[in-house]
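Below is one structure, written out as structure tokens; comments come after it.
The values are calculated or read from the model by the stated rules, or taken from the named source; none is laboratory data. Predicted model only: the values in this text are computed from it and were never measured. Cβ sites come from the backbone with ideal geometry, for glycine too, and all protein chains shown count toward neighbours.
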Amino acid sequence: MSDVRHVSISIDRQAEAVYDFASRPEQLPRWARGLAESIEVVSGELIARSPMGTVRVRFVPRNPFGVLDHDVVLESGVSVHNAMRVVPRPDGRSEVVFTLFRRPEVTAEEFERDAEAVDRDLRTLKSLVE
């Protein structure tokens, strides 16, 4: 069984507003630098320049449930599924949760760096939408 880490952050905005911002691919370079330094649509696919090289990104369709799951296809052809949700909190704020799974070829140190990168990205998202 692989290691898993749930990285989350509370945001002082309603979930719908956070989801609306985070679900727009053109916003990714503003807050998800661990995924996209730049992004463009090429032949109907989202192509991102990222710290991992040039990757293809495929999001689930927009939905009323706050689901932001996305697959990242690396240059090697390996597809990495990323589970992400914007969850409404009872107090009117939102919780953004990213589930990070450690792939077999990833060292413990690399996994920790990945978790730190996700945390940085979520803190940037928070600063942009609050």
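Take region 58-78 and flag every residue that is closer than 14 Å to Phe21 by Cα and charged (D, E, K, R).
Arg62
Take Thr124 and tell me if it is surrounded by fewer than 17 Cβ atoms within 10 Å (Cβ to Cβ), modelled with pLDDT of 95 or more and touching a strand residue (DSSP E or B) at 6+ places or on another chain (Cβ under 6 Å).
So Thr124 fails the test.
Checking Ala36 against (1) part of a strand (DSSP E or B); (2) surrounded by 13 or more Cβ atoms within 10 Å (Cβ to Cβ), only one condition comes out false. Which one?
Only one criterion in (1) part of a strand (DSSP E or B); (2) surrounded by 13 or more Cβ atoms within 10 Å (Cβ to Cβ) is unmet by Ala36, namely (1).
Considering each residue of region 1-17, count those that are over 13 Å from the mean Cα position of the chain (by Cα) and within 20 Å of Leu100 (Cα to Cα), and give that number.
Residues meeting the conditions: 7.
Does at least one position in region 12-32 carry a residue that is under 17 Å from Arg123 (Cβ atoms), aliphatic (A, V, I, L, M), in contact (Cβ under 8 Å) with a residue 24 or more places away in the chain and assigned to a loop (DSSP other than H, G, I, E, B)?
Yes, because at least one residue in region 12-32 is under 17 Å from Arg123 (Cβ atoms), aliphatic (A, V, I, L, M), in contact (Cβ under 8 Å) with a residue 24 or more places away in the chain and assigned to a loop (DSSP other than H, G, I, E, B).
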